[in-house]
Amino acid sequence: MASTLQENNPHSQAPKPNFMLKLKENLIFKSKWAELNGAMGDLGTYIPIVLALTLASHLNLGTTLIFTGVYNFVTGAIYGVPMPVQPMKSIAAVAISNPDFGIPEVMAAGICTAGILFVLGVTGLMRIVYRLIPISVVRGIQLAQGLSFAMTAVKYIKNVQDFAKSKSGAQRDWVGLDGLLLALICAVFIVIVNGAGDDDDDRVDNQESETGWKKVQKIIFSLPSALLIFLLGVVLAIIRGPNAIKGFKFGPSKIEVISISKHAWKQGFIKGTIPQLPLSVLNSVIAVCKLSTDLFPEREVTATSVSMTVGLMNLIGCWFGAMPCCHGAGGLAGQYKFGGRSGGCVALLGVAKLVLGLVLGSSMVKVLTQFPVGVLGVLLLFAGIELAMCARDMNTKEEAFVVLVCTSVSLVGSSAALGFLCGIVVHLLLKMRNMGSDGQSCSDVLWFHRNP
């Protein structure tokens, strides 16, 4: 009766939409210091690639900071997990190594890749792809990407880097503001604070009686290691290049629509989109969704939605010169490693990027060029290890075999698509070999074990 009267009363207050409440809940911090620390977990990938594109291809850093900041905030609100926003690595690699592949070609490649991903998401085809790919192949891609990050991180730590030419130089000095000793100290600090990624602080909290040592452990385990290391890097960057601050020009960079010629569209698609698309499908959508399900089983992150958000980000931002972006399993693993547990983690990072982009614009590149690369290498190393450890749930020898084939081909051939193809072929061959002997039918061979 009361509900009927409420429906007939035009002045009755309508219930708040659940969608807005969900967005608000997705941005709530689980732990303030942990979320702040987790926001730093993806910078080991983000900063080097953005810096290299800015120096080699004259990417508008201010515009990129503004748009990626918005991307971070929106995706954090939508998904409620520390969903990263990373550069499209294949497109970036082509731009850095090829002087003729300029900003128009980069943006054309990003728009074409985004358009295809958006169509795959809208039509539901990406969901079908996600459900059909064997979990062992997904783990192989994750292991390969994680090891690739780790090997790149070791190069950052050991050798002097020339990001403008994407080359490693001489061996890094042991002592100095960007020395090898500094990087090793940072690595040891992270191991002591974060351990192997287990919830050591929860274990300490569960002790019935807290001794003096247990209290010390609790304090150590609660330290925001990645945040402290990043702040140390900022201080060292200012010390290394004090003139960079004097040259700051306050205010955002000028945002302009990029003019893309027919030739740029063609070159962007052939040299940028074709090699980037398999990596985006596998690592930015499939692997991200699987890793998100592993880390946050209570959160629903679908291949359809992830494919659409990657598409929409670049269909908007690339027209204004923002760096082509995607999500990435490595970034998600890195932010989780350092404490990111909610969408508020990346939303906070997005706000920081947005403020820097609006206040300092492209002047930020003067500080980034002085940032200790060895410190970035340490952050990237632990992000890569966290991603690689996802493959530890492969329990059978058959699954491990497929994982290692996929990983080895991906690393040696420098192609996630080639590793994926070999993994699928080996998976099918093993299923066909066992067909009939263990009760498997032909349909069991062709219809893979579905991902959740």
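What the table below lists for this structure:
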| read-out | value |
| --- | --- |
| Amide H contacts under 5 Å for Asn159, placed H, 5+ residues apart | Arg172 |
| Sulfur and carbon atoms: percent of accessible area, segment 333-440 [1.4 Å] | 69 percent |
| Potential extension, Met151-Arg392 segment - 0.36 nm per residue separation minus Cα distance | 84.8 nm |
| Length-normalised contact order for the chain - Cα pairs under 8 Å, 6+ apart - percent | 38 percent |
| Computed P(r) (all Cα pairs; segment 287-353; 5 Å bins; percent) | 3, 15, 21, 28, 19, 10, 3, 0 |
| Portion, in percent, of the accessible area of segment 48-194 that falls on carbon or sulfur, probe 1.4 Å | 69 percent |
| Förster radius 30 Å - calculated FRET efficiency between Phe29 and Phe250, Cβ distance, rounded to 0.05 | 0.50 |
| Accessible-area ranking of Met151, Met364, largest first, probe 1.4 Å | Met151, Met364 |
| Contour minus Cα-Cα distance for Phe320 and Leu132 (0.36 nm per residue) | 64.1 nm |
| Förster radius 41 Å - calculated FRET efficiency between Leu312 and Val412 (Cβ-Cβ, nearest 0.05) | 0.70 |
| Ala400-Asp173 FRET efficiency (beta carbon distance; Förster radius 51 Å; 0.05 resolution) | 0.80 |
| Estimated translational D of the chain in µm²/s (Stokes, Kirkwood radius over Cα pairs; 10 °C; 1.306 mPa s) | 69 µm²/s |
| Among 121-132, 88-99, the order from most to least packed when residues are scored by Cβ within 10 Å on average | 88-99, 121-132 |
| Theoretical ellipticity at 222 nm over the chain - DSSP helices of four or more residues, -39500 (n - 2.57) apiece, nearest 500 | -20000 deg cm²/dmol |
| Rounded to the nearest 20 debye, dipole of the chain from Cβ charges on Lys, Arg, Asp, Glu | 980 debye |
| Distance (nanometres) between label positions extended 7 Å along Cα→Cβ at Val351 and Thr123 | 4.1 nm |
| Cα gyration tensor shape of segment 370-424, rounded if a/c is under 1.5, else prolate or oblate by comparing a/b with b/c | oblate |
| Probe 1.4 Å, accessible area per residue of the chain, Å² | 47 Å² |
| 3J(HN,Hα) from dihedral phi, segment 265-281, Karplus parametrisation 6.51/-1.76/1.60, rounded to Hz, x for glycine, proline | 4, 5, 5, x, 6, 5, 8, x, 5, 4, x, 7, 4, x, 5, 5, 5 |
| Calculated diffusion of segment 68-195, Stokes-Einstein form, Kirkwood radius summed over Cα pairs, 25 °C and 0.890 mPa s, µm²/s | 133 µm²/s |
| Share of carbon and sulfur in the accessible heavy-atom surface of segment 212-300 [1.4 Å probe, %] | 66 percent |
| Extension gain (nm, one decimal) between Leu228 and Phe19, 0.36 nm per residue minus Cα-Cα | 71.7 nm |
| Base-10 log of normalised Debye intensity for segment 107-161 (one unit scatterer per alpha-carbon) at q = 0.13 Å⁻¹ | -0.59 |
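The values are calculated or read from the model by the stated rules, or taken from the named source; none is laboratory data. Note that this is a predicted model, so its numbers are computed, not measured. Backbone-built Cβ (ideal geometry, glycine too); neighbour counts: all protein chains shown. These area figures cover heavy atoms from the full protein model, side chains too; ligands, DNA and RNA do not enter into them. Shrake-Rupley method; radii C 1.70, N 1.55, O 1.52, S 1.80 Å.
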